[in-house]
1. Under the condition of being out of contact with any strand residue (DSSP E or B) (no Cβ under 7 Å at 6 or more places or on another chain) and not in a helix (DSSP H, G or I), which residue from segment 133-149 is farthest from residue 58 (Cα to Cα)?
2. Would you say residue 190 is surrounded by fewer than 18 Cβ atoms within 10 Å (Cβ to Cβ) and touching a strand residue (DSSP E or B) at 6+ places or on another chain (Cβ under 9 Å)?
3. If I filter segment 143-163 down to residues being within 23 Å of residue 192 (Cβ to Cβ) and modelled with pLDDT of 85 or more, which single residue comes out as surrounded by the most Cβ atoms within 10 Å (Cβ to Cβ)?
4. All but one of (1) exposed (fewer than 15 other Cβ atoms within 10 Å of the Cβ); (2) at pLDDT 95 or above; (3) not in a loop (DSSP other than H, G, I, E, B) hold for residue 4, so report the exception by its number.
5. Restricting attention to segment 200-248, which residues are under 11 Å from residue 113 (Cα atoms), surrounded by fewer than 17 Cβ atoms within 10 Å (Cβ to Cβ) and under 15 Å from the mean Cα position of the chain (by Cα)?
């Protein structure tokens, strides 16, 4: 379809957006009461309200329709270079239609069911506020290609496992809008293969389920080992996502 021929419906407020996009955990996490969006018959777009990525745009629907809607948005709304966008998972050939830089492809997984008790869960603790240096060191060692930000926006608290005085696993609670959300789940490479990631994720999931009733997390599409772990803990795919940034 020619983008100039699109006539998307304007959506104002949470009820209208949920009617168009669905009210699953992926959508609920990203909205504010005054959310504004647009919908065609095959795609929905909305300006997300997560505190750690203000001004971003999320889209759901058929791939070609989501791209058409994003192109229409670029013509109608102030979406400049660098604007973060979450699209349905797209192959490179589809993304070539847009002036974007692909950041990562990932799955949004969620569960409403408590996992089976895992060995080592009793070792998981909520970390005190003075642990930032240890957390940063562990994140740097466990994920050297990503930023290590213990005090990142939206983090409510950190969970961890210690071996003596050494922090050997950690994960953060970035829950928002009534959905528990796990991020930065990291195990010290020297302690891999001991079930620490499973114990940590299970304990965090259990704690946040008690508070929110639903827990979610994101995992890159190429991390088969982590995907298998999360599925064994009861997580199921809710959305597949290509995170990109506009370049023009």
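The values are calculated or read from the model by the stated rules, or taken from the named source; none is laboratory data. Just so you know, these numbers come straight off a predicted model, no measurement behind them. Backbone-built Cβ (ideal geometry, glycine too); neighbour counts: all protein chains shown.
1. The extreme case among them is 144.
2. yes
3. Step by step, filter segment 143-163, then rank; the result is 161.
4. Checking residue 4 against (1) exposed (fewer than 15 other Cβ atoms within 10 Å of the Cβ); (2) at pLDDT 95 or above; (3) not in a loop (DSSP other than H, G, I, E, B), the one that fails is (2).
5. Correct list: 236 only.
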